[in-house]
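Chemist: For reference, the structure I am asking about is given below.
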Amino acid sequence: MDGNPWRRKSSSQTPIVTASSECLMDKLPSCLIMDILSRLPIKTILNCRRVCKTWLHFISDSFFTELHLERSPTSLLIKTISNNPESRNLQLVQITGLRFRAVEEMKFVPGTNLPCNDFLIEHSCNGLLCLSKTFQFDFHEDIYVCNPILGEYISIPLAAGQETRHQSNFALGYSAITREYKVLHTFCSKTGSDFQPEAQIYTIATGKWRSIHKALRNLDIFKLDSFVGGSIHWELRDEGNCVNSIGSFNFENEQFSQFSLPPRYNEELVTLTVFEGCLGVSFFSTCLQPQYEIWVMKEYGKESWTKLITVENPGFGELCEPLIFLNSGLILMMHYREYVVCYDTRTRFMEAIRIWQAQGNSYAMPYKPSFVSLKDVASEGRAAEDVKVMCYPPVVLLPHFISAYSTMFSPVTASS
């Protein structure tokens, strides 16, 4: 007999879990359970889907989908560009640690997360990707909308007459009023010796294309995050390829419009972004003293621009595209297809960081992972078999430490 009274007391009070024990989660309201689950990391949520049918039902509920989408942090979607097909990949990088000390990454695999191997990312919206399969002579072969988190995709049939269309681009958007996802197709049709801008809209729920009048010229690929106020935005350029205004398309009323740019002089390197729900524009000026600026439209549609950041002598000679604005005052920017630049608005210091290892060039774009199911998106007017569900294996979401380059940019002065 053990004479230790503490050990006897501890042993006698140890609860015994039996098969008849009730789960405390079962006593909670379903809305509270979904609220708890929506706060978990992607890896944990995907694992919770496999726990039981009840949890799978909760995570598949539209209430959970909306909760998670509101809380889902903007991550990076990184596509590797290489002549070697085996080196091409697409991966999700979620930054979870302070000062990039830790991230979570997830590799998207063709046949498991993606519908094809060779593709171009046209646009993204609420975690859904609009992909185009490899095309030749400016002709698109296949268009897909997919959710790589759930391994679901749907094929978008192209309208007739593709052989006469040039400079095709596609964008995915969402109408909050009708709760419909739509694909915008912009292109130019040759009429005699001239090219006329045209556009069509495809509603996924109905599976039908419709023509849109008064399309804008100089349409571009919508890789960067520019969805504000129910509209997508892109740069409009003149004949000299200089940006002179901003084009937009509203997925609610399905109309094109234009906005003026913030005041500036002779800058050619312009890109669009979104900062705290506001449309933003970044400039890189090489006139006189090199300078990098970010402006935001605080009142959407009023064209009232406010200068957010000015970086003098930034230490890089080419355009950096803003990717993510973090609450800690850090801004992640893509320096073309080489590396990510981090700018600290508090210390006014800039450095190059390495977030992923890749062979060949890469480009990054903002992405919000979600659990929006294409079965719900296409449920109104399309058959259930139109949505393809790929076989989904156990998820591997590994912690990864980001190493800073040994060579950092020199400190820069900035004014907010």
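The values are calculated or read from the model by the stated rules, or taken from the named source; none is laboratory data. All values derive from a computational prediction rather than experimental measurement. Glycine also receives a Cβ, built like all others from the backbone with ideal geometry; neighbour counts cover every protein chain displayed. In case anyone asks, the SASA skips ligands and DNA or RNA and just uses the protein heavy atoms, side chains included. Shrake-Rupley method; radii C 1.70, N 1.55, O 1.52, S 1.80 Å.
Chemist: In nm, give the distance between the simple-model label positions of ASN253 and SER211, each being 7 Å from the Cα along the Cα-to-Cβ direction.
Modeler: 2.2
Chemist: Oh, and also: Give LYS214/LYS302; LYS43/LYS208; LYS133/LYS182; LYS214/LYS298; LYS208/LYS375; LYS214/LYS375 a once-over and call out the pairs whose C-alpha atoms are over 24 Å from each other. Don't skip to the answer; put the middle values down first.
Modeler: On the way: LYS214/LYS302 22 Å; LYS43/LYS208 36 Å; LYS133/LYS182 19 Å; LYS214/LYS298 27 Å; LYS208/LYS375 17 Å; LYS214/LYS375 33 Å.
Over 24 Å Cα-Cα: LYS43/LYS208; LYS214/LYS298; LYS214/LYS375.
Chemist: Same structure again: Run the 1.4 Å probe and let me know the accessible area of HIS233, rounded to the nearest 10 Å².
Modeler: 0
Chemist: Per 0.36 nm of contour for each residue apart, how much would the distance between GLU239 and THR44 grow if the chain were fully extended, relative to their Cα-Cα spacing? Could the numbers behind the result be given before it?
Modeler: Values: separation 195, 0.36 × 195 = 70.20 nm, distance 5.08 nm.
Answer, rounded to one decimal: 65.1 nm.
Chemist: Expressed in nm to one decimal, what extension gain is obtained for the pair LEU269 and HIS166 from 0.36 nm per residue of sequence separation less their Cα-Cα distance? Don't jump to the answer; show the numbers that get you there.
Modeler: On the way: separation 103, 0.36 × 103 = 37.08 nm, distance 2.48 nm.
The span from LEU269 to HIS166 would gain 34.6 nm if fully extended.
Chemist: Mind giving me the nanometre distance, one decimal, between the label points for SER30 and ASP194, set 7 Å out from Cα along Cα→Cβ?
Modeler: Reported label-point gap for SER30 and ASP194 is 5.9 nm.
Chemist: Rounded to the nearest 0.05, what FRET efficiency is calculated for GLU70 and VAL389 with R0 set to 22 Å and r the Cβ-Cβ distance? Could you put the intermediate results ahead of the total?
Modeler: Values: r = 25 Å, r/R0 = 1.14.
Computed FRET efficiency for GLU70 and VAL389: 0.30.
Chemist: In region 226-265, carbon and sulfur make up what percent of the accessible area (probe 1.4 Å)?
Modeler: That fraction is 43 percent.
Chemist: For labels at ILE81 and ASP118 in the simple 7 Å Cα→Cβ model, what's the distance in nm?
Modeler: The modelled label-to-label distance comes out at 1.6 nm.
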